[in-house]
Amino acid sequence: MTFLKDEGKKEGLEIEIIEFNDFILPNTALSEGEIDANSYQHEPFLKDQNETRGLKLASVAKTILLPLGIYAEKLTDLAALPYGAKVAIPNDATNGGRALRLLEKMGLLTLKPEAGLTPSVLDIAANPKHLKLVEVEAPQLPRVLPDVEIAVINTDWVIVSGLDPQKALAKEDTTSPYANILVTKACDVEKAEIKKLVNLYHSDATKKFIQNSFKGVILPAWTGEDKKAEAPGSPAPSAPEA
């Protein structure tokens, strides 16, 4: 965000960075008008917040992806994962479901078609290797690696624990629906300041900064289609119904 703040000054946009220490307060502050936008959550989380808390917030752009990855202490190839292997995943609904989706993408299990973006272990339709799923508090996942064959871990906890993110056996890519998004109030999506902030996020300079600074650990999540959506005269992002 410091990079964006500096880039914003060049475009006449003053950005004040406010940090929060939990996942609920940023949306509360936004809904109550204490801030103009936030950037920390993904679409499934925002959808849940709008539905369960009666908020009227809207996503206006993808920002970055901190890829969920599959890590192991000894295993070097997922193809060698043994039958009956212990697999640790986050125990919260959103990240646990995200982990199951990654395991499915890697061909390790199959989920029920109706499971959606936040499946649980009850939504597993096929488990051909009879994997034993162990649900663990997300921050503790790096610590249980010696006790399991693989663990599905969020990038932030990988970094905090000192693991090497480049040694993941598999990772989400930028097609993931769990990319972070820029969020504002539904009534503010057309504000000039918000559109300018989106353009700053999606600039070539920001993309190069992310790529050069994080070397694939954090990825720019927007695509060419996102850029088209910012073109003058394009329709505004859809907002939640009142």
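The values are calculated or read from the model by the stated rules, or taken from the named source; none is laboratory data. Keep in mind that this is a model prediction, so the values were computed, not measured. Please note: Cβ atoms are built from the backbone with ideal geometry, for glycine as well, and neighbour counts cover all protein chains shown.
Things to note:
- Taking the range 39-90 as the range and being assigned to a loop (DSSP other than H, G, I, E, B), among the hydroxyl-bearing types (Ser, Thr, Tyr), out of contact with any Leu (no Cβ under 7 Å at 6 or more places or on another chain) and within 22 Å of Asp156 (Cα to Cα) as the test, only Thr76 passes.
- Any chance Gly96 is buried (at least 22 other Cβ atoms within 10 Å of the Cβ), within 14 Å of the chain's Cα centre (by Cα) and not hydrophobic (A, V, I, L, M, F, W, C): no
- Considering the range 131-242, the qualifying strands (runs of 3 or more DSSP E), each wholly inside and each with 3 or more residues that are farther than 16 Å from Leu66 by Cα and at pLDDT 95 or above, run over 132-136, 180-185.
- Of all residues assigned to the range 7-20, none qualifies as being surrounded by fewer than 20 Cβ atoms within 10 Å (Cβ to Cβ), in contact (Cβ under 8 Å) with a residue 40 or more places away in the chain and in contact with a Cys (Cβ under 8 Å, 6 or more places away or on another chain).
- Gly107 falls short on exactly one of the conditions (1) assigned to a helix (DSSP H, G or I); (2) out of contact with any Pro (no Cβ under 7 Å at 6 or more places or on another chain), and that condition is (1).
- Test: residue in the range 29-37 that is surrounded by 13 or more Cβ atoms within 10 Å (Cβ to Cβ), without any contact (Cβ under 8 Å) to a residue 24 or more places away in the chain and more than 17 Å from Val189 (Cα to Cα): no
- Members of the range 139-169 found to be among the aliphatic types (A, V, I, L, M) and surrounded by 20 or more Cβ atoms within 10 Å (Cβ to Cβ), listed by number: Leu141, Val148, Ile150, Ala151, Val152, Ile153, Val158, Leu163, Ala168
- Boolean, Gly96 is modelled with pLDDT of 95 or more and either in the same structural domain as Lys195 (by TED's automatic domain parsing) or closer than 28 Å to Asp22 by Cβ (or both): no
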